[in-house]
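The values are calculated or read from the model by the stated rules, or taken from the named source; none is laboratory data. This is a predicted model, so every value here is computed, not measured. Positions of Cβ are backbone-derived with ideal geometry, glycine not excepted, and every protein chain shown enters the neighbour counts.
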Amino acid sequence: MWNTIKKNLQEYPERLRVARVLVENGLTAKENKIYLNQIEIPPVRIARVAGVDRRTVNETLKSIKSNRQLRLIFEEMRSAGHSLKEIAKPLNLGVIEITPIDAKTAGILARSATILARAKLSIRQAIVDDPELSPEPKLTLIVEKKIPGELISELLKTEGIAKVAVY
């Protein structure tokens, strides 16, 4: 997906920055407007985050509307929803952040979930970064309670896992 966006906007680095903000935040671009679900977001707000002016955001929206490939991506883009990571501590939830050796390796989520299930820990949420969009993609697992220390070494022995952080 990101390669398609990059290919179509590579001549305009500022527009590419706007596109990155849209993708990273799961914002829809439709009919020259930006939405978070059904809430319209003013271009000036996107401009501020992308470090460009409002006109660049508007030009990006025009580029998206006039390009079939970009339109197909951005008209159907949706936010992945809320993340419990930032509020895990006050909710007494455990957070495991796993950095893979190669994010395209199959089974990292499944093997990690199996280890947690054997420890009788229920996963409340799993967030997986897209390797095309994130320079260092991670798998974040939010579980029902604090993570016992012995699980860290077990996770580190798992095929495809480079690092494990527990919060």
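Rundown of residues vs (1) within 22 Å of E86 (Cα to Cα); (2) at pLDDT below 95; (3) in a helix (DSSP H, G or I); (4) in contact with a Lys or Arg (Cβ under 9 Å, 6 or more places away or on another chain), yes/no style:
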{"site": "I98", "(1), (2), (3), (4)": "yes, no, no, yes"}
{"site": "L109", "(1), (2), (3), (4)": "yes, no, yes, no"}
{"site": "S112", "(1), (2), (3), (4)": "yes, no, yes, no"}
{"site": "L116", "(1), (2), (3), (4)": "yes, no, yes, no"}
{"site": "L121", "(1), (2), (3), (4)": "yes, no, no, yes"}
{"site": "A126", "(1), (2), (3), (4)": "yes, no, no, no"}
{"site": "P135", "(1), (2), (3), (4)": "yes, yes, no, no"}
{"site": "L141", "(1), (2), (3), (4)": "yes, no, no, yes"}
{"site": "A162", "(1), (2), (3), (4)": "no, no, no, no"}
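Consider E59 against the criteria (1) within 25 Å of T140 (Cα to Cα); (2) modelled with pLDDT of 95 or more; (3) in contact with a Phe, Trp or Tyr (Cβ under 8 Å, 6 or more places away or on another chain): it satisfies all of them except one. Which criterion is unmet?
(1)
Checking K89 against (1) over 20 Å from the mean Cα position of the chain (by Cα); (2) crowded, with 16+ Cβ neighbours inside 10 Å, which test does it fail?
Going through the list (1) over 20 Å from the mean Cα position of the chain (by Cα); (2) crowded, with 16+ Cβ neighbours inside 10 Å, K89 breaks only (2).
Specify the residue that is surrounded by the fewest Cβ atoms within 10 Å (Cβ to Cβ); the eligible residues are those in segment 112-142 that are of a type in the set (G, A, S) and over 25 Å from V23 (Cβ atoms).
S122
Restricting to segment 36-56, and then to whatever is among the β-branched types (V, I, T) and loosely packed, with under 13 Cβ neighbours inside 10 Å, can you tell me which residue is farthest from P13 (Cα to Cα)?
I39
Of the numbered conditions (1) part of a loop (DSSP other than H, G, I, E, B); (2) under 30 Å from E159 (Cβ atoms), H82 satisfies every one except a single condition; which is it?
For H82, the exception is condition (2).
Search segment 11-21 for residues being more than 10 Å from V49 (Cβ to Cβ) and crowded, with 20+ Cβ neighbours inside 10 Å, and hand back the single one that is farthest from the chain's Cα centre (by Cα).
Out of the qualifying residues, it is R15.
Select from segment 10-65 the residues that are free of Cβ contacts under 8 Å to residues at least 24 places away in the same chain, part of a helix (DSSP H, G or I) and among the charged types (D, E, K, R) and list them in ascending order.
The answer is R45, R48, R54, R55.
Could you list, in sequence order, all residues of segment 143-159 that are in a helix (DSSP H, G or I), closer than 30 Å to V23 by Cβ and among the hydroxyl-bearing types (S, T, Y)?
Of everything in segment 143-159, nothing turns out to be in a helix (DSSP H, G or I), closer than 30 Å to V23 by Cβ and among the hydroxyl-bearing types (S, T, Y).
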